[in-house]
């Protein structure tokens, strides 16, 4: 068996109100050092984590949204966002942050990490993963 | 089967810790190996020895500590999550100049790498949370 496993971080909760999103991101950042095959999934209220333009000033909490756009620097290339979850909340891909990575197989071209997938495709992505970390 | 267990919720507030405990007991009875139990988010609060539940209720921390002693389990509390919530061992107490520590027997404080390692090593990594 290969030493590399497919890790899928599943984000289901909104960015504010609870600490789940922030601490999930901390796991992703630490996990990036382990050279596994990493993907992120955003579904349910978790899609709000990627809606651009957070302002946390009046919440009095740290705005950690820039960390999402830095994930490309941690070689995270696959960010799956569930289409139905977006639609149910009146959102579309245009509302989301730009998330990119540099493709080493394509002369380091900058490419979008975000892949909008259907609920059915998301289920298949979960089936194909070895380790699912659900936050 | 080699199992990793992840507890994401605090004791008493949420049933996740009870379910994780029952799962661990059942898995051990069936002869499975529990490679590690990792406590994250408010799950780190399972590790305080200062909890004093009513006498006619279960003692969630003691239950974990006793299970760990009996089966030589590795109970790991995430350091970053623990610091935020005031869960300290003697080392952390010294490092941060605090006047007390509260970690219970059988638990140890370590980093998130221990969670990722459990994911790599285990046949299944099972999350108990909200």
Please state which one of B:113, B:86, B:94 is out of contact with any strand residue (DSSP E or B) (no Cβ under 7 Å at 6 or more places or on another chain), away from every other protein chain (no Cβ under 14 Å), at pLDDT 95 or above and on the phi < 0 side of the Ramachandran plot.
B:94
Might you let me know whether segment A:70-89 holds any residue that is more than 16 Å from the chain's Cα centre (by Cα) and exposed (fewer than 11 other Cβ atoms within 10 Å of the Cβ)?
no
Restricting attention to segment A:14-30, does a residue exist that is within 14 Å of chain B (Cβ to nearest Cβ), surrounded by fewer than 20 Cβ atoms within 10 Å (Cβ to Cβ), under 13 Å from the mean Cα position of the chain (by Cα) and in a loop (DSSP other than H, G, I, E, B)?
yes
Is it the case, given these coordinates, that residue B:77 is in a strand (DSSP E or B), modelled with pLDDT of 95 or more and surrounded by 21 or more Cβ atoms within 10 Å (Cβ to Cβ)?
yes
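Given the criterion closer than 23 Å to residue A:30 by Cα, surrounded by 15 or more Cβ atoms within 10 Å (Cβ to Cβ) and within 14 Å of chain A (Cβ to nearest Cβ), identify the matching residue among B:14, B:41. I'd like the intermediate steps shown before the answer.
Details: B:14 fails: closer than 23 Å to residue A:30 by Cα.
Result of the check over B:14, B:41: B:41.
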Positions within segment B:83-111 being buried (at least 19 other Cβ atoms within 10 Å of the Cβ), assigned to a loop (DSSP other than H, G, I, E, B) and within 13 Å of the chain's Cα centre (by Cα), in sequence order:
B:87, B:104, B:106
I'd like to check something: does segment B:48-67 contain any residue that is in contact (Cβ under 8 Å) with a residue 40 or more places away in the chain, within 26 Å of residue A:132 (Cα to Cα) and touching a strand residue (DSSP E or B) at 6+ places or on another chain (Cβ under 8 Å)?
yes
Looking at segment A:92-111, which of its residues are under 12 Å from the mean Cα position of the chain (by Cα) and surrounded by 14 or more Cβ atoms within 10 Å (Cβ to Cβ)?
A:96, A:97, A:99, A:100
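The values are calculated or read from the model by the stated rules, or taken from the named source; none is laboratory data. Just so we're clear, the structure is a prediction, and the values are computed from it rather than from any experiment. Cβ: placed from backbone, ideal geometry, glycine included. Neighbour counts: every protein chain shown.
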